Amino acid sequence: MFVFWRLLLAHFIADFPIQTNKIYILKTKYPWGSFFHSGIFVISGALLLWPFWERADLWFFLLFLFISHGFQDLLKIIYNRKNSRDTVWLFLLDQILHIAFISTVFLLPLSLVIYTVDQSSWLYWYSQDKPVIYLTFLIGIGFGGSILIPYVEKLVKHLPQVEIPPQFKYYGILERILVITLVSAPGYWYIFTPVVFLVRYFSKEKYSAVSVLVSVLAAVVGGITLRVIF
């Protein structure tokens, strides 16, 4: 699981916080834009797996992910352009397929490698899966939720296109991260979760019921999942 979790973390980092509007525009305007984005994902994965750079199978697998991720994104863009079917179901399917391609690492000996260091080493945290899994959930739900919510709103409200309001995007990220942290923390920290939502009450921004429900539900489910895992 060592390699899988770090590649999954790299995927979420590249797909959400690092994928800026400019990169997304490049993907939609030029075929090479999808591979530029895919390259960012692979570089992120390589950096997270730096202790294994001497392994040839790591680089072959990263090349496979570079090609599969790039072509998948390119095909998705072509499909959307021809059919105008940019829906929440396509978004979820896209993420499932990306994770499925990463999961093929379990078919290789590469999936069995681990990295161990002495507890006194400053790299001890890196050798542990727990902080990596935690970061994967925070980024996947915290940042990814900003993309999921507009898709759900489009579905429920029958909107013509997906729109991501910046004022909600950044507050929503912080809210989901805080909720996940409180719900997943040992003990009774989850009782302070309602305090996080009070910010919405005093905020001057308006949030739809759908966006609030999806944001809260995703964060709570993520927090509970982490609590069960750990």
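The values are calculated or read from the model by the stated rules, or taken from the named source; none is laboratory data. All values derive from a computational prediction rather than experimental measurement. Note: ideal-geometry Cβ built from the backbone for every residue, glycine included; neighbour counts use all protein chains shown.
Residue count for region 195-211, restricted to those that are more than 13 Å from residue 178 (Cβ to Cβ) and either modelled with pLDDT under 85 or of a type in the set (Gly, Ala, Ser) (or both): 10.
Only a single item in (1) closer than 21 Å to residue 141 by Cβ; (2) surrounded by 18 or more Cβ atoms within 10 Å (Cβ to Cβ); (3) in contact with a Ser or Thr (Cβ under 9 Å, 6 or more places away or on another chain) is not met by residue 1, and it is number (2). Across region 30-63, the number of residues qualifying as within 26 Å of residue 115 (Cα to Cα) and without any contact (Cβ under 8 Å) to a residue 40 or more places away in the chain comes to 18. Every condition in (1) part of a loop (DSSP other than H, G, I, E, B); (2) within 30 Å of residue 220 (Cα to Cα) is met by residue 133 except one, and the failing one is (1). The requirement of being surrounded by 15 or more Cβ atoms within 10 Å (Cβ to Cβ) and in contact with a helix residue (DSSP H, G or I) (Cβ under 7 Å, 6 or more places away or on another chain) is fulfilled somewhere in region 76-83, by at least one residue.
With respect to (1) in contact with a helix residue (DSSP H, G or I) (Cβ under 6 Å, 6 or more places away or on another chain); (2) surrounded by fewer than 15 Cβ atoms within 10 Å (Cβ to Cβ); (3) in the same structural domain as residue 210 (by TED's automatic domain parsing), the lone exception for residue 153 is condition (2).
The single condition among (1) under 19 Å from the mean Cα position of the chain (by Cα); (2) not assigned by TED's automatic domain parsing to the domain that holds residue 51 that residue 95 does not satisfy is (2).
Let's see how each residue does on (1) closer than 18 Å to residue 68 by Cα; (2) at pLDDT 90 or above:
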{"residue": "99", "(1), (2)": "yes, yes"}
{"residue": "102", "(1), (2)": "yes, yes"}
{"residue": "108", "(1), (2)": "yes, yes"}
{"residue": "121", "(1), (2)": "no, no"}
{"residue": "126", "(1), (2)": "no, no"}
{"residue": "130", "(1), (2)": "no, yes"}
{"residue": "133", "(1), (2)": "no, yes"}
{"residue": "138", "(1), (2)": "no, yes"}
{"residue": "143", "(1), (2)": "no, yes"}
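Put simply, of 179, 132, 156 the only residue that is in contact with a Ser or Thr (Cβ under 8 Å, 6 or more places away or on another chain) and touching a residue at least 40 places away in the same chain (Cβ under 8 Å) is 179. Looking at 72, 119, just one residue is over 25 Å from residue 34 (Cβ atoms) and assigned by TED's automatic domain parsing to the domain that holds residue 43, and that residue is 119. Only residues that are more than 15 Å from residue 142 (Cα to Cα) and not charged (D, E, K, R) were counted in region 11-32, giving 10. Of the listed requirements (1) modelled with pLDDT under 95; (2) buried (at least 18 other Cβ atoms within 10 Å of the Cβ), residue 167 misses just one: (2).
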